[in-house]
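Below is one structure; the comments refer to it alone.
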Amino acid sequence: MSTKSYVSSRNLEPALTLGIFSDYQRLVGALGSLNSASTGVPIESTQLDATAIRHTLFSQIHRAMRLGLCVRIVYRSMSTPKPHERVIRPHSFIQAGPRWHLRVYCAKAAAFRDMNLGRISAVSPESGSSLPGKDEDLEWQQTVSVRLIPHEGLSAEQARMVREEYMGGTAALVFSVRAPLAQYIIQSFRAAVDPVREKAPEHLLMVQHPEALPQSSRWLLRERNA
């Protein structure tokens, strides 16, 4: 039995795509919903959504964002685990790994904050409040560079392997992101912020010059040094 197929050679150059792996995933049907992959080869993924979100709640927040409105929510936090009310003006959804967050202006904090969407249990209209919006979120408008490098505690051979695995052999893995999102990049790669305390090989990567990140991006550094 024979099949007709194309086999790439070393001289193959991309013409219709960028030649990156995600392009290949789309072509073979292995990107997005892996359950519907058409590769004919089993693919399993641990990239799961672990935030319990009610559709009606999401819809109300989505509408508030679209219209620039404030809403009253029932919220819980690590500092105040008992349900309590807050008035917020949300402007963006954030998907970070298995969890969803909101970028909001919170009247109680009198500042822009990230809120865990899974900790909101109720949403209602709030017509009597006027809070700052996205255009006034200066941290959100700021772009920062997050540089991840092999952990300094790795041997030379281990560091070379990590560079090849994560960085394509280059010196660093670099992300240009909104300042408040830098923390999620660091978390998703389990990158060490304090390599003296967060040792290899439990941490394969470390943040290069974390002190250069803006204050909104450095809460991990403050927490881990506390």
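The values are calculated or read from the model by the stated rules, or taken from the named source; none is laboratory data. Not measured: the values here are computed from a predicted model. Please note: Cβ atoms are built from the backbone with ideal geometry, for glycine as well, and neighbour counts cover all protein chains shown.
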- Query: For Leu48, are the conditions met, namely being part of a loop (DSSP other than H, G, I, E, B) and surrounded by 14 or more Cβ atoms within 10 Å (Cβ to Cβ)?
  - Reply: no
- Query: Taking interchain pairs and intrachain pairs at least six residues apart, which have beta carbon atoms under 7 angstrom, with the first residue in the stretch 133-153 and farther than 16 Å from Val177 by Cα and not assigned by TED's automatic domain parsing to the domain that holds Met167 and the second surrounded by fewer than 16 Cβ atoms within 10 Å (Cβ to Cβ) and not hydroxyl-bearing (Ser, Thr, Tyr)?
  - Reply: Gly133/Gly68
- Task: Within the stretch 87-105, track down each residue that is surrounded by fewer than 20 Cβ atoms within 10 Å (Cβ to Cβ) and farther than 27 Å from Thr46 by Cβ.
- Result: Val87
- From Thr39, Thr56, Thr3, grab the single residue that is at pLDDT 70 or above and β-branched (Val, Ile, Thr). Thr56
